[in-house]
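Every number in this text was worked out from the coordinates using simple rules, so none of it is lab data. This one's a predicted model, so the numbers in the text were calculated from it and none came from an experiment. Neighbour counts are summed over all protein chains in view; Cβ atoms, including those assigned to glycine, are modelled from backbone coordinates with ideal geometry.
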Amino acid sequence: MRRELIVRTSAAALALLVGTGFAAAQTPVPAPAPPAAAQAGLARQVNLSPVEQMAQADGIIARMDAAGTMVRRQLDTARKQRDVVKTLCLNDKLNQLDVAIRSARDRKGSLAAAVARNDADLSAHEFTILSVLRQRTDQLTAEANQCIGITETFIGEKAEVTVQIEANMPTEDPSMYPSTSVIVQPPACSSCVQ
């Protein structure tokens, strides 16, 4: 009887920990607001010449590719560890990163065309979109670093639950008691008007 109670309690604690891990992995993390310096930096970069914007675009694309490569490595590691929760989280972030990178490459082509036509307004627009895509990539990378797997929800090598039952506890099982139904009469009306 005592062993069965320990096993049930251990199973319940394990289910609670795993459920907490799933909830933590699926809970969206609010995106932090960009600092004022980053917003000012974006406004300052738009005032670059079209040729300087093109040079900056190459750096943006390279940075985005590096972020995608890093998340892809994390995903491979999670797959090797057979961590389903972390794999799903990282796979979602990597898919969003890939979309942002493809869009940034398309925008870089549009920026190159605008620079070739010497269209400063269009090149500033395309460069602004590239900068926003870079910020989105930074945000997705931060979210990917917060993906939590099942194994990381436990503390230490092995989670162990210890249950102590006091000696003066009754030995009979209360679920075996007969059920008695209590009939409650509603109170009589003390000032009823009919």
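General remarks:
- Inter-probe distance in nm under a simple model that places probes 7 Å from Cα toward Cβ, at CYS192 and ALA66: 8.4
- The ellipsoid equivalent to the alpha-carbon distribution of region 34-145 has semi-axes of 31, 14, 9 angstrom, derived from the gyration tensor eigenvalues as √(5λ) and listed largest first.
- Once the C-beta distance of VAL163 and HIS125 is scaled by a Förster radius of 45 Å, the resulting FRET efficiency is 0.10 to the nearest 0.05.
- Top positive-direction residue, dipole computed over region 58-119 with Cβ charges, set CYS89, ILE101, ALA113: CYS89
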